[in-house]
Amino acid sequence: MTREAEAKEAKSDRLYDKRTIDRTIKKGLITRKDYDKHLKTLEDVAGKGVFGGPQDDDLDDDDELDDADETDTAK
């Protein structure tokens, strides 16, 4: 892909960015119909997400705090 094509694709992606779409439509750069059409072309990637945090079997931060509290009260 050429630099020009990459730049054009990046600009196009920014036009449809969820965070700025209302502003883009208000400026008249695209229409709501164009945006809805774009959304229908997107692949469903919901199943590809990773949910939760790292799988760490060590003590959680809360456990460390609980242990410290028990030590303080035992004195």
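The values are calculated or read from the model by the stated rules, or taken from the named source; none is laboratory data. What you see is a predicted model, and the numbers here were worked out from it, not measured in a lab. Positions of Cβ are generated from backbone atoms using ideal geometry, with glycine treated the same way; all protein chains shown enter the neighbour counts. When the accessible area is computed, the model is the full protein with side chains, heavy atoms only, and any ligands, DNA or RNA have been set aside. Shrake-Rupley method; radii C 1.70, N 1.55, O 1.52, S 1.80 Å.
Can you send over the solvent-accessible area of residue 27, 1.4 Å probe, protein chains only, in Å² to the nearest 10?
That residue has around 140 Å² of solvent-accessible surface.
Pop out the ³J(HN,Hα) list for the stretch 23-32 in order, Karplus 6.51 cos²θ - 1.76 cosθ + 1.60 with θ = phi - 60°, rounded to Hz; leave Gly and Pro as x.
Karplus-based 3J(HN,Hα) across the stretch 23-32 equals 5, 5, 5, 4, 6, x, 6, 9, 9, 4 Hz.
As an exercise, identify the GluC sites (Glu not before Pro) in the stretch 1-56 lying in DSSP coil whose Cβ has no more than 11 other Cβ atoms within 10 Å. Intermediate results must be reported in sequence, preceding the final value.
Working: sites: 4, 6, 9, 43; in loops: 43.
Of the GluC sites (Glu not before Pro), the ones in loops of the stretch 1-56 whose Cβ has at most 11 other Cβ atoms within 10 Å are 43.
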